[in-house]
Amino acid sequence: MNRTLVAQHPAARLAAGTGLLRQAVPDRDAASIRDFVCGLSPHSQYLRFFAAVAPPSTGLLRALCGAGDADVLLVTDATGGVIGHGMAADESAGAGLASSIGLAVADAWQRRGIGTLLLHALISRAASRGVGSLIFEVLPANRVMLGIIGRHWPEARSERTPDALVFRPAITPRLATAERPLPSHVDLTGERCTRTPPAAA
């Protein structure tokens, strides 16, 4: 499977302004993901990991690469550098499954829609695995993530922990759309980054 993924997205074949939304490959992407984490500002690290984590420990880096059971997706730029990282880790929730979501976007690419692209892809893939709800642990200072949750689930209630707000919204039918194949191209040239529609047959 890894050989197929690598063959489908050589960065050299991407035009300027074109990125890629794809699944992470643990043995291929470790260095790029490490560079991505180290490139995050301390503030961005804190919002995602609740602590400064650069350079990431071996265990954290393995998890961020998808070496465990988590579904890890990346957005990369035309050079192959990671500019967005999303992961979904499934866990039991009563009689069903819930998926814990984590998102991070490079500082220079924040507020461009990359986090939303990752979120939508993670949700549709989670729904295809039979996951019925999501878990978000968000620091109260993370206004961007709170805004994303508020737009997608305006009636979602939160639980307060000593450090964070925890949301457990259901995956709605609108978000559980048919999974679109990966990898897929992303237009990075506009104010909002968007997935490129598939070419007509």
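The values are calculated or read from the model by the stated rules, or taken from the named source; none is laboratory data. Because the structure is predicted, anything quoted here is derived from the model rather than measured. Virtual Cβ from ideal backbone geometry, glycine too; neighbours counted across all protein chains shown.
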Quiz item: Which condition number in (1) farther than 27 Å from R180 by Cβ; (2) out of contact with any Ser or Thr (no Cβ under 9 Å at 6 or more places or on another chain) is the one that L165 fails?
Solution: (2)
Quiz prompt | Cross-chain or 6+ apart pairs with Cβ under 9 Å, the range 117-129 first and at pLDDT 95 or above, then aliphatic (A, V, I, L, M) and in a helix (DSSP H, G or I) | solution = L119/I148
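Hey, could you check the range 16-43 for residues that are part of a helix (DSSP H, G or I) and β-branched (V, I, T) and say which is farthest from A141 (Cα to Cα)?
If we take residues in the range 16-43 being part of a helix (DSSP H, G or I) and β-branched (V, I, T), then I33 is farthest from A141 (Cα to Cα).
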Quiz item: Condition test on R111, is it touching an Asp or Glu at 6+ places or on another chain (Cβ under 6 Å) and of a type outside the set (A, V, I, L, M)?
Solution: no
Quiz item: Can you pull out the residues in the range 161-190 that are more than 27 Å from A108 (Cα to Cα), over 19 Å from the mean Cα position of the chain (by Cα) and of a type in the set (V, I, T)?
Solution: T161
Quiz item: Under 7 Å by Cβ, and 6 or more places apart or on different chains, what pairs join a residue from the range 152-176 that is more than 17 Å from L122 (Cβ to Cβ) with one that is among the polar types (S, T, N, Q)?
Solution: L165/S158; V166/S158
Quiz item: How many of the residues in the range 77-111 are surrounded by fewer than 20 Cβ atoms within 10 Å (Cβ to Cβ) and either among the hydroxyl-bearing types (S, T, Y) or part of a loop (DSSP other than H, G, I, E, B) (or both)?
Solution: 10
Quiz item: Only one of these conditions is not met by R151: (1) outside any helix (DSSP H, G or I); (2) surrounded by fewer than 12 Cβ atoms within 10 Å (Cβ to Cβ). Which number is it?
Solution: (1)
Quiz item: Would you pick out the residues in the range 35-51 that are closer than 15 Å to L103 by Cα and of a type outside the set (G, A, S)?
Solution: F36, V37, L40, H43, Q45, Y46, L47, R48, F49, F50
Self-check item: Residue ID - modelled with the highest pLDDT, chosen from residues in the range 154-188 that are surrounded by 11 or more Cβ atoms within 10 Å (Cβ to Cβ) and of a type in the set (S, T, Y)
Solution: S158
Quiz item: Of all residues in the range 49-67, which are out of contact with any strand residue (DSSP E or B) (no Cβ under 7 Å at 6 or more places or on another chain), hydrophobic (A, V, I, L, M, F, W, C) and part of a loop (DSSP other than H, G, I, E, B)?
Solution: F50, A51, A52, V53, A54, A67
Self-check item: Residue among A54, A98, A63 that is in contact with a Leu (Cβ under 8 Å, 6 or more places away or on another chain), more than 22 Å from A141 (Cα to Cα) and at pLDDT 95 or above
Solution: A98
